[in-house]
Amino acid sequence: MSFAYASILQMKKMLTGLDKWLEKSIDHAKSKSFEPTLLLNCRLIADMYPLLRQIQSCCDTAKFAAARLSGQEAPKHPDTEQTMDDIRARIRTCVDYLETFKEADFNEADKRLVSLSYLPDKVLLGSDYLVELALPNFYFHVTTAYDILRHNGVDVGKMDFIGSLTMRDK
């Protein structure tokens with residue numbers, strides 16, 4: 001399996017886990033008698049993005065990585081989410097998009113030239129883009145989202161973060 005394709009599969013898995021964490025956060029909010037949407041504005045520290053923007057960034061990083069590494073155009077999302085239902089729909093839309101990719105879509109992804117709008121005169125090789133930017137950025141935002149939920153008392157643990165494992169018999 002190509003590294004690019006495996007990375008997209010892992011991002012999809014993490015986004016699916018993130019959706020489950022949000023489900024737990026809704027249950028937590030209900031048990032504590034507060035509106036779950038309040039969590040979307042929580043931050044770890046004042047100069048960091050709130051939970052809502054962390055999740056949008058996870059979705060954007062995953063969809064852009066898949067699109068850029070396969071030579072496609074990523075779908076646009078206007079960042080208009082305001083509720084848990086809205087942001088969970090955004091996650092599911094992103095996961096559905098990632099599910100459209102096949103391993104063959106990433107043939108030569110490591111050699112593909114990736115342009116970034118904020119660096120108009122530069123390009124990255126696909127392999128450098130994935131390893132140096134896309135994966136670290138994705139994990140930064142998904143970990144921060146996890147930490148915000150955990151910091152606010154949501155009962156998520158290490159196995160919620162790791163998710164299911166593909167176990168095989170010996």
Query raised in the report: Within the group SER33, SER25, SER70, which residue is within 22 Å of SER127 (Cα to Cα) and among the hydroxyl-bearing types (Ser, Thr, Tyr)?
Result: SER70
Report summary line: In the set LYS63, LYS76, the lone residue that is basic (Lys, Arg), assigned to a loop (DSSP other than H, G, I, E, B) and within 30 Å of ALA109 (Cα to Cα) is LYS76
Requested in this report: Name the single residue, out of those in the stretch 11-41 being in a helix (DSSP H, G or I) and small (Gly, Ala, Ser), that is surrounded by the fewest Cβ atoms within 10 Å (Cβ to Cβ).
Outcome: SER31
Query raised in the report: With ASP86, ASP47, ASP79 as the choices, which residue is under 17 Å from the mean Cα position of the chain (by Cα) and loosely packed, with under 13 Cβ neighbours inside 10 Å?
Result: ASP79
Query - In the stretch 97-132, the residues that are surrounded by fewer than 17 Cβ atoms within 10 Å (Cβ to Cβ), within 19 Å of the chain's Cα centre (by Cα) and among the aliphatic types (A, V, I, L, M) - result: LEU116, VAL131
Requested in this report: Tell me which residues, restricted to the stretch 42-58, are out of contact with any Phe, Trp or Tyr (no Cβ under 9 Å at 6 or more places or on another chain), assigned to a loop (DSSP other than H, G, I, E, B) and not small (Gly, Ala, Ser).
Outcome: CYS42, LEU44, ILE45, ASP47, MET48, TYR49, PRO50
Query - Residue selected from the stretch 142-163 under the condition without any contact (Cβ under 8 Å) to a residue 40 or more places away in the chain and more than 15 Å from the chain's Cα centre (by Cα), by the criterion surrounded by the most Cβ atoms within 10 Å (Cβ to Cβ) - result: ARG150
Query raised in the report: Among the candidates ASN137, ASN107, ASN41, which residue alone is over 22 Å from SER2 (Cβ atoms) and either in contact with a strand residue (DSSP E or B) (Cβ under 8 Å, 6 or more places away or on another chain) or not β-branched (Val, Ile, Thr) (or both)?
Result: ASN41
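Read-outs: derived from the displayed coordinates by stated rules, not from any lab. Just so you know, these numbers come straight off a predicted model, no measurement behind them. Cβ coordinates were reconstructed from backbone atoms using ideal geometry, including for glycine residues, and neighbour counts include every protein chain displayed.
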